[in-house]
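The values are calculated or read from the model by the stated rules, or taken from the named source; none is laboratory data. On a predicted model such as this, the values are computed, not experimentally measured, just so you know. When we count neighbours, we look across all protein chains shown, and the Cβ atoms used for this are built from the backbone with ideal geometry, even at glycine.
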Amino acid sequence: MAIWVLESAYRYAKASAVLLNAHLSYESEVNAALAMELLIKSLLVEAVDNPRKGTVLEQYSSRHIKLKDGHDLIGLYNQVPTDIAKKVGLASQVDLLERKKDVFKSLRYIYEERAPRGSDNLLLQTVCWLLPQVVDHFVQAGIEDKWLTYMKSNPQLMMAHSISSC
C-alpha cells in the first residue's frame, strides 16, 4: 500500500482545484485525471525492496499491473480487487471511469484534431469524495504514516470545498 502515491494524488487534486479556480478547465481536468490515476495506483503498487523501503522516500513498482496504457482509468480500476473497490467506493464510479478513461492523454493537447471539446470537474469531485475513503482503508489496514494520520484526523481537508479553497 503506497501512501506516498496517495499523497501525490491529493497534491494533483489540489493542483486541479487551483487550475479550476483560475478558469483553466482543461488543465484542471488533466490534473484531476492524474489524481484519479494515482489514487487507484495507490491501491495497486508494491513497495520496492531497496534501502528506501519503510522510509518516507519509499519507492514503488507497478510492474505487476498488466496494462498497455498506465493512464487508462478503467483499465487500472479493473486491476483493483473487487472487495477493495467496493470498500473504498471506487466500484460505484465505473461509468465515470469508463467515460473519462483517457482524459489524461486526450485533454493534454486540446488543439489536436481529435481532442474532446469541453471539460468538467467530475473527476476532481470524485477524487475528493474517494480520498477520505481510501485514507480510511489504509488506516484500517494498520498503515502507520504521519501524512495518513494527519489526513484521517482532518478529513475536511480532502473535501471538495476545502481542496478548492487553496
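Observations
- Criterion violated by TRP129 - all others in (1) farther than 26 Å from ASN154 by Cβ; (2) touching a Gly at 6+ places or on another chain (Cβ under 8 Å) satisfied: (1)
- The C-beta contact set for segment 144-159 (first residue under 17 Å from LYS14 (Cβ atoms), second residue surrounded by 11 or more Cβ atoms within 10 Å (Cβ to Cβ) and of a type in the set (S, T, N, Q), distance under 7 angstrom, 6+ apart or interchain) comprises GLN156/SER162.
- Flag if LYS41 is under 23 Å from LYS146 (Cβ atoms), among the basic types (Lys, Arg) and either in contact with a strand residue (DSSP E or B) (Cβ under 8 Å, 6 or more places away or on another chain) or crowded, with 19+ Cβ neighbours inside 10 Å (or both): yes
- Where a residue in segment 124-135 is without any contact (Cβ under 8 Å) to a residue 40 or more places away in the chain and over 15 Å from LYS41 (Cβ atoms) and its partner, wherever it lies, is in a helix (DSSP H, G or I) and not β-branched (Val, Ile, Thr), with Cβ under 9 Å and at least six apart: GLN125/ALA32; GLN125/ALA160; PRO132/MET151; PRO132/LYS152; PRO132/PRO155; PRO132/MET158
- Residues satisfying the stated conditions in segment 156-166, i.e. part of a helix (DSSP H, G or I) and either at pLDDT 95 or above or loosely packed, with under 14 Cβ neighbours inside 10 Å (or both): GLN156, HIS161
- Qualifying residue in segment 77-93 (condition: assigned to a loop (DSSP other than H, G, I, E, B), modelled with pLDDT under 80 and not small (Gly, Ala, Ser)): no
- Which listed residue is loosely packed, with under 13 Cβ neighbours inside 10 Å and closer than 30 Å to VAL56 by Cβ, from GLU144, GLU112: GLU144
- Scan of segment 13-26 for residues that are free of Cβ contacts under 8 Å to residues at least 40 places away in the same chain and either crowded, with 18+ Cβ neighbours inside 10 Å or of a type in the set (A, V, I, L, M, F, W, C) (or both), ordered by number: ALA15, LEU19, ALA22, LEU24
- Residue in segment 122-140 that is surrounded by 14 or more Cβ atoms within 10 Å (Cβ to Cβ), modelled with pLDDT of 95 or more and touching a His at 6+ places or on another chain (Cβ under 6 Å) present: no
- Residue match in segment 43-54 (condition: assigned to a helix (DSSP H, G or I) and among the acidic types (Asp, Glu)): no
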